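K.L.:
Quick one: this structure, given as C-alpha cells, is what I'll be asking you about.
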Amino acid sequence: MSVNKEMKRVSTAMLQAMKDRQEKISMLTSYDYSMAKMVDQAGVDVILIGDSAANVFAGYETTLPITLDHMIYHAASVARGTQRAMVLADLPFGSYQGSADEAYNAAVRMMKESGAHALKLEGGLEIIANIKKIIAGGIPVCGHLGLTPQSINKFGNFGVRAKEEQEAAKLIEDALALQDAGCFAIVLEKIPAKLAKAVTETLTIPTIGIGAGADCDGQVLVINDMLGMNADFKPKFMRHFANLHEQIITAVSNYVAEVKAVKYPNEDEQY
C-alpha cells in the first residue's frame, strides 16, 4: 500500500475550518516565482497576487494601470513556485466592473492561464451580479471592502474608510451581500478595528484584515513592505519584520567595491 506524503494544498474549505476553530489565517502578497517559493516554504496559508504589483514592480502611484495580461503573468509565476499555499489572484481594474459576462470571461482567463486557485474582487453590491456569475461558473471569489485601491480616484486619498456611521452601515450591508453571493472570504482594508470586529463576528465566512485590527480571522500584508524593502512606507498598521532595504544596499555596495578592487571573483570562484 502506497502512502501519499504530499502536503495538502490550502483550500477554501480549510480556510473556513480555520475560522470555525478560531485559528488565524496568514496571507502575504508575492509577484514572482522566487519570492513565492520562499513564502510558501515558510508556511503562509494564502499567497495573494495583488494588483499592488503595479506599485511594487512597476512604480505606478495607483493600481489602475496594471492589465489582466500583466496579472496573469505574475499569478502564473507565483503558482509555479507554490506547493501548499492557496494562490489567490486579483482581477485588475476594468476587467470585471462592467457586465457579468465580461467579468466571467476575465475570471476564466485568469484561472485557465495562471493556475490560480481563487480570485479577489473589490466592491460590494455594485458588482454583486458579476460576482454571482463568476461563482456560478465554479470559480471561488474573495471579496474586498473598506479601502479599495481601484477606487482611489473616487475616495481621493488612502485614508481610513467607514469611520462615519453611514459608510460603516454600507460596508456591513456589502459584506453580508458578498457572503450571500457565495464569497468564501472578505478582505477588510484600513477600517476601524471595532467595525472590523463587528463584521467578523457577523459573518460566517473568514475576514482577512490589513489595517483593520487584530480581531479579523486573518491578516495580509504586502511582502515588500513587511520585509522592510520600502523603507519610507510605514503606515500605522505596518510592522517591518526585516530591514532588507539596508541589507540589500549594503550587499550591493560591497559587491561594487569588490568588483572594482578586483577582489571578486577570487581564484576559488573561477573555473
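The values are calculated or read from the model by the stated rules, or taken from the named source; none is laboratory data. Please read all numbers here as calculations on a predicted model, not as lab measurements. Please note: Cβ atoms are built from the backbone with ideal geometry, for glycine as well, and neighbour counts cover all protein chains shown. For accessibility, only protein heavy atoms count, side chains too; no ligands or nucleic acids. Shrake-Rupley method; radii C 1.70, N 1.55, O 1.52, S 1.80 Å.
K.L.:
Can you tell me which residue is least open to solvent (accessible area, probe 1.4 Å) among those in the range 162-184 that are at negative phi and not in a helix (DSSP H, G or I)?
P.N.:
Checking each candidate, the answer is CYS183.
K.L.:
Then there is this: Within the range 37-53, can you find the residues that are in contact with a Leu (Cβ under 7 Å, 6 or more places away or on another chain) and free of Cβ contacts under 8 Å to residues at least 60 places away in the same chain?
P.N.:
Hits for the range 37-53 are VAL44, ILE47.
K.L.:
Related question: When you scan the range 98-114, how many residues do you find that are hydroxyl-bearing (Ser, Thr, Tyr) and not in a helix (DSSP H, G or I)?
P.N.:
1
K.L.:
Going through the range 55-88 one residue at a time, which ones are touching a Ser or Thr at 6+ places or on another chain (Cβ under 6 Å) and buried (at least 24 other Cβ atoms within 10 Å of the Cβ)?
P.N.:
Passing the criteria: ALA75, VAL78.
K.L.:
Could you pull out the residue among SER95, SER26 that is in a loop (DSSP other than H, G, I, E, B) and closer than 18 Å to VAL187 by Cβ?
P.N.:
Going through SER95, SER26 in turn, just one is in a loop (DSSP other than H, G, I, E, B) and closer than 18 Å to VAL187 by Cβ: SER95.
K.L.:
Then there is this: Yes or no: the range 147-161 includes at least one residue that is crowded, with 21+ Cβ neighbours inside 10 Å, farther than 25 Å from TYR60 by Cα and not aromatic (Phe, Trp, Tyr).
P.N.:
no
K.L.:
Residue check: is ALA89 under 15 Å from LYS120 (Cα atoms) and either in contact (Cβ under 8 Å) with a residue 40 or more places away in the chain or in a helix (DSSP H, G or I) (or both)?
P.N.:
Yes, satisfied.
K.L.:
Check the range 99-106 and report whether any residue there is open to solvent by 10 Å² or more (accessible area, probe 1.4 Å) and within 18 Å of TYR31 (Cβ to Cβ).
P.N.:
no
K.L.:
Same structure again: Consider ALA13 carefully, then state whether it is open to solvent by less than 50 Å² (accessible area, probe 1.4 Å), part of a helix (DSSP H, G or I) and at negative phi. Even if it seems obvious, please write down each step before you answer.
P.N.:
Values: open to solvent by less than 50 Å² (accessible area, probe 1.4 Å): no; part of a helix (DSSP H, G or I): yes; at negative phi: yes.
No; evaluated as a whole, the condition is false for this residue.
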